[in-house]
Each structure stands twice: as structure tokens, then as C-alpha cells.
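Take a look at the structure below.
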Amino acid sequence: MGSLGEPAPPPKKYNTSLTDFSATHADKTGPYAENLTVDALIVGAGFAGIFMLKTLRDRGLKTVIFEAGNDTGGTWRWNCYPGAAVDSEVPEYEFSWPEVYNTWTWKTNYPTYQDLRDYFDHVDRVIGVKKDCAFNTVVVGARFDTDEGRWSVTTADGRVTRAKYLVLGTGFAAKRYIPPWPGMDKFRGIVHHSSFWPDTAIPVTHKRCAVIGTGASGVQITQAWGPQAGSLTVFQRTPNLAVPMRKRTLTPEAQNALKPLYPELFRYRETSFAGFLYDWYEKDTFDDSPQEREAFYEKVWNEGGFRFWVSVYKDNLFDAEANKESYAFWAKKTRARIGDPKLRELLAPNKMPHYFGIKRPCLESTYYEQFNRENVHLVDINDNPIKEFTETGIMLQDGSHHEFDVVAVATGFDVVTGVMTQLNLTSIDNTNLEDEWAPGAQTYLGTTVPGYPNMFHIYGAHGPTLLSNGPTSVAVQGRWIADAISKIESRGVKYINPKSEAAEKWKKHVLALNDKTLFPTTRSTYMGGSIPGKVYEPVCYAGGIPRYAKEIREALDEWDVGFEVVKE
């Protein structure tokens, strides 16, 4: 019953925010304790959060993780939609800790979400993660006290935790975006956002299914549902210029034979532009003849993965004419896989919809072949968008109606910046981060924010982030954060606060690096995403991992230049 004896509201048909997962905990001990005080509080139990937990614990700091979900794994705990899998290969995509990798082997070079959940459970067994995690714990506010030198962090269940250091291991995709279509609550079928997908299987055999969106999750759901669904309709605004994954089985014997080389591989992944075990080709596109280009493209294409994105000619993301060559090759290879000429032009048009690779491509195995099936249909909503949901389906702007039983909303996230602005962070100047960042993000080094002392973030705004392999960025930024904290501790410092002028200079640097590329030519995740009203600006550092690592290290060596350093 409601507070005045009114009937309680009906349960939500689908989850829309992290607070939907908050719980009141009977256990009031350990990380769930009320009025908890720790050295470091980490938000998020994915790669970033767990890296920081182990690293800071190893340095003697009392550290806990607050995680909105019900277990470890970060994005792989949330993303359990049909077909969900990682788009970086192993061993690139894993922790570099010998005690973890020496006792683990993978089934394939591109693990599924379940493989990654199993991996995070293994990590817990080896290093003990969950004993320091509070699950179903959603941060809804945080404020730093300059006199005390501590953060007070409030969670949705009413707990307040105090910590000298606040580390946001929340990544780039923790704030889901669900367009405000009217009628979603009236739809009688099943509807979920891809990243709030239930763990229980949703049957689609003999069902009329829809996927809204053609980003990575949309592509993967389409591949999973195409062979199973009674019918499947994919609503596309922009074609996805996806590249072949080339998934293959891995044997334990082959992996174990390679493990003596792992330390060198983990070192090497930090020397490439995007944090993979491959890098740009040393030539520019037109250094080769057309015949040589074709042979080179073919080689990289057959090797698969993101190689056709960040291991082609080194001018591909910088020179428009060069980029057109890679797109022409992509279109030729992809169009050959699509039977219907009209679908061919929608899915892989001869005239490129945007420069190749300046929207993050996803990896696919059979995506384009799905549209050769009689039960799979494509609806172009670029000029005829979705108007509303009805009780039985979806109506478009022109009045056409499509009936469905199951709908996957694969509309993505308020990328990069939305992760942090949803936490209700209050600065020492009594301003709110969400308001501060409305005109554009401000960070120093892609790891700190002016006005938020002793707060650090990983895989977020103004770092390599979407232009890098996640665990590589996590390692580069995570070690830097740990070293900054060690420096604070060893020198008797109460807190460091990034200077506004240093942040302004860093942002100009981020803008300048992006302006040398083709990224600013198209609204994409690299330019803040497509959330209505969101500022159009670069949100990722486009200079590559090695340059980034060098620059933030130099800034830490001379921290008085960029930080206000306040002693105890």
C-alpha cells in the first residue's frame, strides 16, 4: 500500500535506471556497514574497479567497492542480452596478474558474456574481490570536505561512507539511454533495454521480435535472434560498418604454451595506439599502388577483429581521401554478402554514410547474412522515425504500424560523460557536475576533475577510452592513480585539486588532437553521442595510448603545475 493507504504502484515493466537495482541490506558488516570509513572507495566492480581494488589493497589502503549490480563483472554483469560477447581478443582483454592468468584458460579468442562472468568469478577466487564489495549499492551523491580531507558518499539505501579517495571505475557506458517514446508502458509484449536485460532467457521461437538500433548490441542480438525468431524486424537509423570477428576455438594447451610470453605481451599492448597487440601499418595509403593496397586490405580483412580499423594504413583516420579507399574495400566485401539490392544499399551503401572507423565499428560473424533470411526484415527509420509504442507494437511517424511480441531496445548510452554526471557529485564550490558539464566536459589528464579533490576516474572523459582496449587503458590509468595516491600519502598531503587552468589546457589539447582526425565530421560516441541536447564535442583522447601514458606521467612528476597540493 502507498503512504496514505493508496494501492502500491504496479511493478515496472522494464528497468530504466541504476536505482532500480538498489536494495536495503540486512547485513550491516564489512562493506555494507553504516557510517563506514575507508581510505579509498571505488565505484564499479568491472575491470577498472577490480584493478584498483587489488592495486590499492596491495599498497596498504583499506579499500572497498560499491557496485550497483548484483555481482562482479561490470559491463559483463549487465550485458547478458542474446549474443553478448566481447570485441577485443584474449589475452589482450584480461588482467595481467600471473596468479590469475596462470590458472585460467579461455574457450575462444572472443569470450561470450558468460565466459567473462566465469572469468570474474575466477578472479575473485584467486585474489578475493567480493569480500570487499557491496552489491546492489547505488551511489546517489558525494561531496568532499576540505577541512576533513574526506569524501562523504551517499547510497540509495541511505548509507553514508567516508573516504579520503573516491575512484570512479564506472567506465563509459553505465548510463543507459532509452528514448522517451510514448506508450512504452502500455505495450503488452516484452520490452527491455539491451543493457538491462534479464538473466532469464526470453523465448523468441514463433515470436514477432524487434531490435531498435544497430550498434554493437543490436548487431549481436540480430545475429542471435535471426535463426530463432518467428520474425525479426531491425529498425536502423544508420548502417553499422561492422567488420569480421574471425572467432576461433582456443585449446588450453596452446594458451599454456604461450603464457611464458604473457608479461611481454601485456607490456607490448601499451605500446600500440589503441592498446591491442597490433598497430597502424607504417605506410600511408597512397604509398602503395592500387594492387598493393588491395592485397594489404585483403590480408588485414582475413586476420579479422579490429585490425581493419586500427591496423590499416596510418593515415586512415586522418586523411579523407585515404579513408575512402578503406570504405570502398569494406563496401565491396560486405555488399557481396547481401542478396537483395535494396537491402544492400541500406546496409552497405556505395556512398559511405560517414568516414570509415570514425564511428566505433563493431565485430560481427553473420550479421549481414541474417538479412538474407525470409524472416528477417530491415526498416529504415532515418527519415521516418519511431513515433510511439502501442499496446501491440510500434508506430512510425508516417502512421505505419508493426506488431511485436518482444522488443529489444538497443539504443545505447549517454556515453562517457553520462556515467559520472548521474552520480550527483557536488564540488567544493557547491556546484553539481551534471550542471558543470552541460556545456562540455572539463577534466585534467582524463583522470581528475577541478573542484573534486582526491577524486579519480578511469576509462571516462578525456582519456583514450573508446579508442582503446579497455584493460589496457585501465592498467595505464590505474597505475597512475595508484601512484598519485602513494605520492599524496608519502608526502603528508591532505588532498590534490586539479587547477582550472590546467583542465582548460588539457581540454584544448584533447580538441587539438581530435581536430587532426576525421572524428569531428560526424556525430558519434567520440563526439559525445547522440543524446538530444547534449553538447557536440570530443570526449576521448585521440593521441594514442603511448603518447597519453607519457603525458600523464610527466604531469604527475611535476604535479605542482597542474594541481593545488594541500598539506595536512
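Tabulated results
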{"read-out": "Total residues in the stretch 487-510, condition surrounded by 15 or more Cβ atoms within 10 Å (Cβ to Cβ) and in contact with a helix residue (DSSP H, G or I) (Cβ under 9 Å, 6 or more places away or on another chain)", "value": "11"}
{"read-out": "Residue, farthest from residue 457 (Cα to Cα), within the stretch 539-568, restricted to residues that are of a type in the set (D, E, K, R), in contact (Cβ under 8 Å) with a residue 60 or more places away in the chain and not in a loop (DSSP other than H, G, I, E, B)", "value": "567"}
{"read-out": "Any strands (runs of 3 or more DSSP E) falling wholly within the stretch 142-249 and containing at least 3 residues that are in the same structural domain as residue 476 (by TED's automatic domain parsing) and buried (at least 16 other Cβ atoms within 10 Å of the Cβ)", "value": "150-155, 160-168"}
{"read-out": "Test for residue 56: is it touching a strand residue (DSSP E or B) at 6+ places or on another chain (Cβ under 7 Å) and either under 20 Å from residue 422 (Cβ atoms) or part of a loop (DSSP other than H, G, I, E, B) (or both)", "value": "no"}
{"read-out": "The stretch 71-88, residues that are farther than 20 Å from residue 224 by Cβ and either over 16 Å from the mean Cα position of the chain (by Cα) or not in a loop (DSSP other than H, G, I, E, B) (or both)", "value": "71"}
{"read-out": "In the stretch 449-491, residue nearest to the chain's Cα centre (by Cα) [restricted to those that are over 15 Å from residue 40 (Cα atoms) and β-branched (Val, Ile, Thr)]", "value": "465"}
{"read-out": "Unique match (being modelled with pLDDT under 95 and closer than 26 Å to residue 22 by Cβ) among 69, 128, 141", "value": "69"}
{"read-out": "Given (1) buried (at least 17 other Cβ atoms within 10 Å of the Cβ); (2) hydrophobic (A, V, I, L, M, F, W, C); (3) in contact (Cβ under 8 Å) with a residue 24 or more places away in the chain, number of the condition residue 265 does not satisfy", "value": "(1)"}
{"read-out": "Test: residue in the stretch 391-412 that is surrounded by 17 or more Cβ atoms within 10 Å (Cβ to Cβ), under 25 Å from the mean Cα position of the chain (by Cα) and not aliphatic (A, V, I, L, M)", "value": "yes"}
{"read-out": "Residue within the stretch 436-451 that is touching a residue at least 12 places away in the same chain (Cβ under 8 Å), among the hydrophobic types (A, V, I, L, M, F, W, C) and within 30 Å of residue 265 (Cα to Cα) present", "value": "yes"}
{"read-out": "Positions within the stretch 180-233 being at pLDDT below 95 and either among the acidic types (Asp, Glu) or under 21 Å from residue 346 (Cβ atoms) (or both), in sequence order", "value": "185, 199, 213, 214, 215, 216, 217"}
{"read-out": "Residue match in the stretch 32-55 (condition: among the charged types (D, E, K, R) and in contact with an Asp or Glu (Cβ under 7 Å, 6 or more places away or on another chain))", "value": "no"}
{"read-out": "Single condition residue 508 does not satisfy, out of (1) part of a strand (DSSP E or B); (2) free of Cβ contacts under 8 Å to residues at least 24 places away in the same chain", "value": "(1)"}
{"read-out": "Residues (in contact with a Ser or Thr (Cβ under 7 Å, 6 or more places away or on another chain) and either surrounded by fewer than 24 Cβ atoms within 10 Å (Cβ to Cβ) or over 22 Å from residue 50 (Cβ atoms) (or both)) located in the stretch 466-477", "value": "466"}
{"read-out": "Enumeration of residues in the stretch 419-464 that are closer than 29 Å to residue 86 by Cβ, crowded, with 24+ Cβ neighbours inside 10 Å and not hydrophobic (A, V, I, L, M, F, W, C)", "value": "443, 446, 447, 448, 457, 459, 460, 462, 463, 464"}
{"read-out": "Condition met for residue 37 (of a type in the set (S, T, N, Q), surrounded by 23 or more Cβ atoms within 10 Å (Cβ to Cβ) and farther than 26 Å from residue 258 by Cβ)", "value": "no"}
{"read-out": "Where a residue in the stretch 388-406 is assigned by TED's automatic domain parsing to the domain that holds residue 232 and its partner, wherever it lies, is modelled with pLDDT under 95 and aromatic (Phe, Trp, Tyr), with Cβ under 7 Å and at least six apart", "value": "388/181; 389/181"}
{"read-out": "Identity of the residue in the stretch 298-334, touching a helix residue (DSSP H, G or I) at 6+ places or on another chain (Cβ under 7 Å) and either β-branched (Val, Ile, Thr) or at pLDDT below 95 (or both), that ends up surrounded by the most Cβ atoms within 10 Å (Cβ to Cβ)", "value": "312"}
{"read-out": "Qualifying residue in the stretch 337-350 (condition: within 22 Å of residue 246 (Cβ to Cβ) and without any contact (Cβ under 8 Å) to a residue 60 or more places away in the chain)", "value": "yes"}
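Residue-by-condition table, conditions (1) at negative phi; (2) touching a Gly at 6+ places or on another chain (Cβ under 9 Å); (3) hydrophobic (A, V, I, L, M, F, W, C); (4) at pLDDT 95 or above:
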{"site": "62", "(1), (2), (3), (4)": "yes, no, no, yes"}
{"site": "74", "(1), (2), (3), (4)": "no, yes, no, no"}
{"site": "78", "(1), (2), (3), (4)": "yes, yes, yes, no"}
{"site": "83", "(1), (2), (3), (4)": "no, no, no, yes"}
{"site": "89", "(1), (2), (3), (4)": "yes, yes, no, yes"}
{"site": "97", "(1), (2), (3), (4)": "yes, no, yes, yes"}
{"site": "100", "(1), (2), (3), (4)": "yes, no, yes, yes"}
{"site": "105", "(1), (2), (3), (4)": "yes, no, no, yes"}
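Residues are listed down the side, and each one gets a yes or a no for (1) touching a Lys or Arg at 6+ places or on another chain (Cβ under 6 Å); (2) closer than 25 Å to residue 267 by Cβ; (3) assigned by TED's automatic domain parsing to the domain that holds residue 466; (4) without any contact (Cβ under 8 Å) to a residue 60 or more places away in the chain:
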site	(1), (2), (3), (4)
44	no, no, yes, no
56	no, yes, yes, no
61	no, no, yes, no
65	no, no, yes, no
106	no, yes, no, no
110	yes, yes, no, no
114	no, no, no, yes
120	no, yes, no, no
136	no, no, yes, no
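The values are calculated or read from the model by the stated rules, or taken from the named source; none is laboratory data. Values in this document were obtained by computation on a predicted structure and should not be read as measured data. Cβ atoms come from the backbone with ideal geometry, glycine included; neighbour counts cover every protein chain shown.
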